[in-house]
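Just below is one structure, and these are the notes that go with it.
The values are calculated or read from the model by the stated rules, or taken from the named source; none is laboratory data. All of these numbers come straight from a predicted model, not from anything done at the bench. Reconstructed Cβ throughout: ideal geometry from the backbone, glycine too, with neighbour counts over all protein chains shown. Quick note on the areas: whole protein, heavy atoms, side chains included, nothing else; ligands and nucleic acids left out. Shrake-Rupley method; radii C 1.70, N 1.55, O 1.52, S 1.80 Å.
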Amino acid sequence: MTRVFSGIKPTGHMTLGNYLGAVRQWAEVDQYRGEALFSVVDLHALTVEHEPARVLRLSRQVATLLLAAGLDPAVCTLFVQSHVDEHVRLSYLLECTATDGEMRRMIQYREKGARARAAGESVRLSLLTYPVLMAADILAYGADEVPVGDDQTQHVELTRDLAVRFNQRYGQTFVVPRAVKPEVAARVMDLQDPASKMGKTTAGTGGVVFLLDEPEVVRKKVMRAVTDSGSGVEYDPVGRPGVANLLEILAACGGGDGSGPAVLAEGYATYGALKRDVADAVVEVLRPVRERHAELAADAGYVDGVLREGAERARGMARGRVDGAYRAVGLMGRG
Ligand code: AMP
Ligand code: TRP
């Protein structure tokens, strides 16, 4: 049976990029594809400066939103990463498999590290080793498929390399996983800065649509989106990235009944008309998620119960493989 694993960091409020690039597929398709696990990867939120109370609050909010988006605890396993010790146990063995050069080449480390240094902040060692922990998240469960947005491609490649290397050195232990990406909206861009991805932690948030934004706020953000100079609506991701982003969002939100962004472009003469349709489509896609979130948020006991059971199941699935990896490298079994 196919095994699926994916994760999301509680570093900020969930965005339309998270939803279209990853979470919607988890709920609509991936959870039914076999045995699926989804994790709020809270340890990954500690790689940059963080406020403890906020990480705690966001972890519960992300879990609640994942349920609101349609993850069904009767179908898949939803849990918080730090509740299952196997991730960190395995991460150390993979630190002994990866090389420092390999880690320093990771694009996210180079970008985030450079940003922190420019701001005069120190760079945590865990920012460098973070992709190894992500590899452990995936390999601990023997996942075949990792549904993620485009920005995670390099991390999944690293995970594959580590699995192959470990297996060659110590014997067949890990499944070699592959990334699975959505056809449209694998990379939703910031509405104010179409050269950057729409991210949870962007400082100015005018270009970021959050899942819990009120409809009027969503509308305002979309109507103020930066478009490109030139007139006429055309799908040209390189020459007109702002308009291309809006067309991709519209396509992903079901505007035009399944037409791709290039075909959708033909139906518009002005940016204004396009933006109005994008705003309507996004508001409609988010409406059921917001409504369900409000219901679930009123019942914290339910969400906590789901997470407790999820962690129990996840532990059961990871334990044997991680123990096997410990023995394979020559560590004494715990008896
Ligand atoms: P993160 O917010 O970095 O924890 O990401 C959780 C998931 O959402 C990952 O699979 C990302 O690839 C995906 N994701 C995050 N931002 C975007 C975006 N702007 N467009 C598409 N996918 C995204
Ligand atoms: N690194 C991922 C991100 O930034 C989150 C993540 C952590 C993840 N562990 C994972 C995604 C394992 C997929 C599988 O989005």
In the range 260-335, trypsin sites (Lys or Arg not before Pro) in a DSSP loop with at most 13 other beta-carbon atoms within 10 Å: ARG334
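What net charge do the residues around GLY113 carry, taking every other residue with its C-beta under 11 Å from that of GLY113, with Lys and Arg at +1 and Asp and Glu at -1? All intermediate terms of the calculation are to be shown ahead of the outcome.
Details: positive: ARG104, ARG110, LYS112, ARG115, ARG117, ARG124; negative: GLU111, GLU121.
Result for the local shell: +4.
Please report, as a whole percent, how much of the solvent-accessible surface of the chain comes from carbon and sulfur atoms (probe radius 1.4 Å).
Values: 7680 of 15240 Å².
Result for the chain: 50 percent of the exposed heavy-atom area is carbon or sulfur.
Could you state the accessible area per residue of the chain in Å², with a 1.4 Å probe and every protein chain left in place?
Numbers: 15240 Å² over 335 residues.
Accessible surface, normalised per residue, equals 45 Å².
Please list, by residue number, every one of the GluC sites (Glu not before Pro) in the range 1-110 that is coil in DSSP and has at most 10 other beta-carbon atoms within 10 Å. Working shown, then result.
Numbers: sites: GLU28, GLU35, GLU49, GLU86, GLU95, GLU102; in loops: GLU49.
In loop regions of the range 1-110 (DSSP not H, G, I, E or B), the sparsely surrounded GluC sites (Glu not before Pro) are GLU49.
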Quick one: pull the percentage of alpha-carbon pairs in the range 215-294 with a separation above 14 Å. 59 percent
Can you give me the three principal axis dimensions of the chain from its C-alpha atoms, in Å, biggest first? 70, 44, 39
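Given a Förster radius of 56 Å and the C-beta distance between ASP150 and ARG334 as r, what FRET efficiency does 1/(1 + (r/R0)^6) yield to the nearest 0.05? Intermediate results must be reported in sequence, preceding the final value.
Working: r = 40 Å, r/R0 = 0.72.
FRET efficiency, ASP150 to ARG334: 0.90.
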Enter the angle in degrees (range 0 to 90, nearest 10) between the Cα long axis of helix 271-297 and the first principal axis of the Cα atoms of the chain, meaning the one along which they spread out most. 40 degrees
Report, to the nearest 10°, how far helix 300-328 tilts away from the longest principal axis of the Cα atoms in the chain, using its own Cα long axis and a range of 0 to 90°. 50 degrees
Hits in the range 286-323: amide N under 16 Å from the 7 Å Cα→Cβ extension of ASP85, namely 311-323
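Write down the percent of antiparallel bridges among all DSSP beta bridges whose residues are both part of the chain, to the nearest 5.
Of all bridge pairs located within the chain, approximately 10 percent are antiparallel.
Wrap a convex hull around the Cα atoms of the range 84-156, take a quarter of its surface area, and give that in square nanometres. It would help to have the intermediate numbers written out before the result.
Working: hull surface 22.0 nm².
It is 5.5 nm².
On a full-extension model of 0.36 nm per residue, what is the gain between GLU266 and ALA203, subtracting their alpha-carbon distance, rounded to one decimal in nm?
Details: separation 63, 0.36 × 63 = 22.68 nm, distance 3.45 nm.
Using 0.36 nm per residue and subtracting the Cα-Cα distance, I get 19.2 nm.
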Set the Förster radius R0 to 22 Å, insert the Cβ-Cβ distance between ASP257 and GLU28 as r into 1/(1 + (r/R0)^6), and round the FRET efficiency to 0.05. 0.85
Summed side-chain charge close to LEU296 - residues other than LEU296 whose Cβ falls under 14 Å, Lys, Arg +1, Asp, Glu -1: -2
Alpha carbon centroid spacing (whole Å) that separates the range 224-292 from the range 160-186: 35 Å
Exactly which GluC sites (Glu not before Pro) in the range 180-251 are in a DSSP loop and have at most 15 other Cβ atoms within 10 Å? GLU183
The chain: angle of helix 241-252 to the longest principal axis, Cα-based, in degrees nearest 10: 80 degrees
Where a ≥ b ≥ c are the square roots of the eigenvalues of the C-alpha gyration tensor, would you call the range 87-205 rounded, which needs a/c under 1.5, or, failing that, prolate if a/b is larger than b/c, or oblate? oblate
Among rounded, prolate and oblate, which fits the range 200-335 when a ≥ b ≥ c are the square roots of the eigenvalues of its C-alpha gyration tensor, a/c under 1.5 means rounded, and a/b larger than b/c means prolate? prolate
